[in-house]
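See structure below.
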Amino acid sequence: MEEAVLITATPAAHKPIGRVTCLGSGFVGGPTSAVTAFMSNVDVTVVDINPERIRAWNSDWLPIYEPGLNEIVYAARGSPSTNAASQYEAPQAVPRHKGRASLHFSTNINKAIDEADLIFVCVNTPTKANGVGRGAAADLAFVEAAARNIAQVARQDKIVVEKSTVPCRTAQSIREILSANANPGVRFDVLSNPEFLAEGTAVRDLLTPDRVIIGSETTPEGLRAAASLVDIYSQWIPRERIITMNLWSSELSKLAANALLAQRISSVNALSAICEATGADVDEVSNACGLDSRIGPHMLKAGPGFGGSCFQKDIFNIVYLSESLHLYEVADYWRGIINMNQYQKNRFTKRIISCLFNNLTSKKIAVLGFAFKKDTSDTRESPAIALITNLIAEKAQVAIYDPKVKGPQIWKELVDAGSKAGHLKQIVLICKSAYEACQGADAIIVVTEWDEFSNKEPVNARKVEADQPQGNDRLNVPEGRRTFTPAEFTCTTQLVLSEISTYLSKETSPSLPSREAQNTNNPLNALSHNIPHSTSRTNRTKQQRSSSPPSPTKTPTSAKPHTKYLFYVDEPTKQPPRASNFGPEPPMTERLDWARIATGMRKPMWVFDGRNILDGAKLEALGFRYEAIGKASKYAGFH
Ligand SMILES: NC(=O)C1=CN([C@@H]2O[C@H](COP(=O)(O)OP(=O)(O)OC[C@H]3O[C@@H](n4cnc5c(N)ncnc54)[C@H](O)[C@@H]3O)[C@@H](O)[C@H]2O)C=CC1
Ligand SMILES: O=C(O)[C@H]1O[C@H](OP(=O)(O)OP(=O)(O)OC[C@H]2O[C@@H](n3ccc(=O)[nH]c3=O)[C@H](O)[C@@H]2O)[C@H](O)[C@@H](O)[C@@H]1O
């Protein structure tokens, strides 16, 4: 068996990388390329077979929503705004970070492959829908097509980096496809470099990852290729967080990490069912367990079942692998996590139906949130889809509001889940505000934990700091210095960028690579330097202003002028010229006024909190009947 190898010194003759091409401009390819172009000295060209996506990446209206992403893309593109007539002025304030554009989006795939020294493969790897392994194995058609394309076009040696999540030993298949189709004299080295970013925190995760994994062959050529990639990442990531290992360990580590994370969520969701039956409170149980340092606090939040494009797919991948290896008990173990997730989704719907007197016919149900989690526009496998499909089957009228998901995307998901488009138009309403959705409703269901829905007191930053400085470990902030808590961190673009800017500029931080500490041209510094302190166009609400943690300029940890708080608008006020899923982001709204909602609802007024983001006592004081995941029901099953 090959042993894991830690590259401590860069092998002498490895190739310096100047140009990187990324195949796939999705949730991974786009942000990863943007941060790489922004933080390193390489030029990155992102290509995609979907021209609409590339058009969107080249426009003011990016195809995905991620806090902090707009600013980095605009800066790295070096072309602040493509629409001169736009009222969207924020990008003009962003400087060119290197004095030139180093991030490009293109549909000319062959040219980009030909010019690249290193190619990231960030294409989709969905679960197979047909044939052998249907419903479980990974569909590698996009990966194979990408490999063939690279082999046919390349006229010089390339390093091919598998960034997509793939089954263990896929690098072997890629290598065979590349060498079988290669032009004479062209050599390919294949690396595995799985991505661990989570949506909603992608920029932060890419800027300050817990670790970067690079798998390579342990031959001199393989190690040299790995060293080339280490060189890129080490321009902004501390070297000790860049781990090298053999290819198969790297591929399996990605699947394993996702399976372990999903397993925690299914475990806590299973406990939530016990809580509801016994009167225990799942938040209290999670907190009690998470304070054990061996368990840790993350990924222990009960909810309506996990969503997103990867957890289920990657566990199915392990199930399929286990069965292929005749490890049936192992396969059953992992399959149990998905079964529990499905059970949780159905359980939540059943509880709602039970409370509503087992009759939803013609009742108006407001669904708050459609994205699979907050701070993303992604809807893949969102628990909202199964929930709404169930409500439709019960003949309810459904009004949906999500601050970042566009109407056409919601229609598409519901049609893909089996609803008829014509029927949907009659019974589903997509609303521009939560107030519109809740007007005249019999019940409200909170499916996504967007901050604006919560009526809980914002986290008291100072108290959390004193109690549990858990946000700091991820950022490796030196002892005694304050940073934002994870909850604050994920809230807004401003927090993400200003905190990261502060972090990267700390000259005394022992964990920073010296390049960052000494680099006065650090692009993040420039980014915050040049953004005017204008409140006139800010989309921050009164409440956000009063409840936000203090500006880094006012904290003792960040006295530098360039760490000032960013008042930044990332939403254009003008509609884009075409109708599509890719449009301007609507402004973030203030927190919901639940008293106002109460005045417009039908009685009895139900609120079903799928995320435990509401203060039930406050709602009950307003006359609502409040039910929450993992808390004993007061009403279900009594009719
Ligand atoms: N979404 C996430 O948060 C994460 C995803 N991953 C993994 O990364 C991979 C990509 O995921 P996403 O970015 O979410 O998928 P995505 O579906 O958003 O993007 C994939 C893109 O690749 C393009 N594409 C397909 N074949 C191509 C080709 N031959 N040449 C150029 N472009 C091509 C597609 O048109 C699409 O735009 C998957 O394997 C996924 O499991 C890993 C970590 C996080
Ligand atoms: O491979 C991937 O695609 C990525 O999958 C997840 O990231 P992501 O799916 O974007 O988001 P998570 O924060 O992990 O949430 C996944 C789902 O679990 C739910 N969740 C999460 C955490 C929790 O405590 N409880 C809970 O129900 C979320 O609401 C969401 O529906 C992993 O966290 C990433 O590390 C990984 O790179």
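For the peptides 265-273, 298-306, the ranking by packing is 298-306, 265-273, with the highest mean count of neighbouring Cβ atoms within 10 Å listed first. Placing pseudo-labels 7 Å out from each Cα toward the beta carbon at Asn287 and Leu325 gives an inter-label distance of 4.0 nm. Computed packing ranks the peptides 148-154, 127-133, 620-626 as 148-154, 620-626, 127-133, most packed first, by mean other Cβ atoms within 10 Å. Computing FRET efficiency as 1/(1 + (r/R0)^6) for Asn359 and Lys15, where r is the C-beta to C-beta distance and R0 is 45 Å, gives about 0.10.
When the C-alpha to C-alpha distance is required to be over 28 Å, the pairs from Lys432/Lys603; Lys163/Lys374; Lys15/Lys163; Lys425/Lys603; Lys158/Lys412 that qualify are Lys158/Lys412. Packing order of peptides 436-443, 425-432, highest average first: 436-443, 425-432 (average count of other Cβ atoms within 10 Å over each peptide's residues).
FYI, it's all coordinate maths here, none of it is from the lab. Everything numeric in this text was worked out from a predicted model, so none of it was measured. Note: ideal-geometry Cβ built from the backbone for every residue, glycine included; neighbour counts use all protein chains shown.
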